[in-house]
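Before any comments, here is the structure.
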Amino acid sequence: MSRRAQFLEVLGIPTEWLPREPRAGQAQPDAAAQPAAVPAAEPPAAVMTAPAAAAAAVDYPEALPDAAVAQPAADEQVAPEPVPAGPGAADVQGEREAAIATMDWPALDAAVAGCTACGLCRTRTNTVFGVGARQAEWMLVGEAPGENEDLQGEPFVGQAGKLLDNMLGALGLARGRNVFIANVLKCRPPGNRNPEPEEVAQCEPFLRRQIALVRPRVIVVLGRFAAQSLLRTTTPIGKLRGTVHVYEGIPVVVTYHPAYLLRTLTDKARAWEDLCLAREVHDRAGAGA
Ligand code: URA
């Protein structure tokens, strides 16, 4: 089975949809209400913009739904108080960022595990550092741990993670082998609420250092929140897709979050286009290395 067919299968699109000729006198349905037709061939090489992406200006709706298993009450957890903001806080933050920017893997690992820079330290079960090959050519960046990730200390281990693994498999990739997977936030926001700007600001130095240490050939950002945080923009995901962005000198391709893809048939084929673009960017970066 071709990689493309394999990918469509893992996304739950077993057959290709071909547009039907309208019968005489039959009105054309509203294009916006139609599922996206799966492209009949692999996307062309060196796609830098995707007109289809603009048409798909659909933001990744919010994070994963709250899970059924109850979290331990916050007051049952033993966690240190977060570092308070106050006079000189900017200097302290600057020093913290400078220190993180020079850390090696073990120091970074320890710093994340012991982080108390925001209130999420009080409700987390585990920090979720990231997983994968530390010299990976591919890096994937998601939003924040959900309930399962918080419990297991590993990113993308729930339903969305299964889909992500299948998508990676269709590209010949696997977590732990040639991909490093991380999140913008290393701790779970309670109830899977959206991360607060202050939480993102405190966690960002960790992700920046991870990216600097891995130095991947390409970063694939999963979902609106991660894309807007990493690229520091408020542009909707539909407009961020299909273009190669740059973060600290590394090419970045934006695609939909797997949790969103689990629910939205119409954008699954577009995710394949995004991954094809990422593969091209990866291959091109390798050719120039
Ligand atoms: N969603 C994310 O963005 N990251 C995870 O690790 C799990 C779900």
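The values are calculated or read from the model by the stated rules, or taken from the named source; none is laboratory data. Just so we're clear, the structure is a prediction, and the values are computed from it rather than from any experiment. Every residue, glycine as well, gets a Cβ built from its backbone with ideal geometry; the counts of neighbours run over all protein chains shown. Only protein heavy atoms, including side chains, enter the accessible area calculation; ligands, DNA and RNA are left aside. Shrake-Rupley method; radii C 1.70, N 1.55, O 1.52, S 1.80 Å.
Residue 135 to residue 93: extension gain in nm, 0.36 nm per residue of separation minus the Cα-Cα distance? Don't skip to the end; give the middle numbers.
Details: separation 42, 0.36 × 42 = 15.12 nm, distance 2.84 nm.
Result for the pair: 12.3 nm of gain on full extension.
Lysines within cross-link reach of residue 162: Cα-Cα under 21 Å, excluding same-chain residues under 8 positions apart?
Straight-distance partners of residue 162: 186, 268.
Roughly speaking, to the nearest percent, how much of the stretch 100-287's 1.4 Å accessible area is carbon and sulfur?
Details: 3200 of 6350 Å².
The C+S portion of the solvent-accessible surface of the stretch 100-287 is 50 percent.
Between the stretch 134-154 and the stretch 216-243, what is the separation of their alpha carbon centroids in Å?
Here the answer is 16 Å between Cα centres.
Considering just Cα atoms, how many Å³ per residue does the convex hull of the stretch 100-287 enclose?
Working: hull volume 20.4 nm³, N = 188.
In the stretch 100-287, the Cα convex hull volume per residue is 108 Å³.
Taking the Cα centre of the stretch 100-287 as origin, sum charge times position over the Cβ atoms of Lys and Arg (+1) and Asp and Glu (-1), and report the length of that vector in debye to the nearest 20. Present the calculation step by step, with values, prior to reporting the outcome.
On the way: 22 positive and 19 negative charges, 47 e Å.
Roughly 220 debye for the stretch 100-287.
Between residue 104 and residue 193, what FRET efficiency comes out of the Förster formula 1/(1 + (r/R0)^6) with R0 = 51 Å and r the beta carbon distance, rounded to 0.05? Let's see the in-between values first.
Numbers: r = 33 Å, r/R0 = 0.65.
Efficiency at R0 = 51 Å is approximately 0.95.
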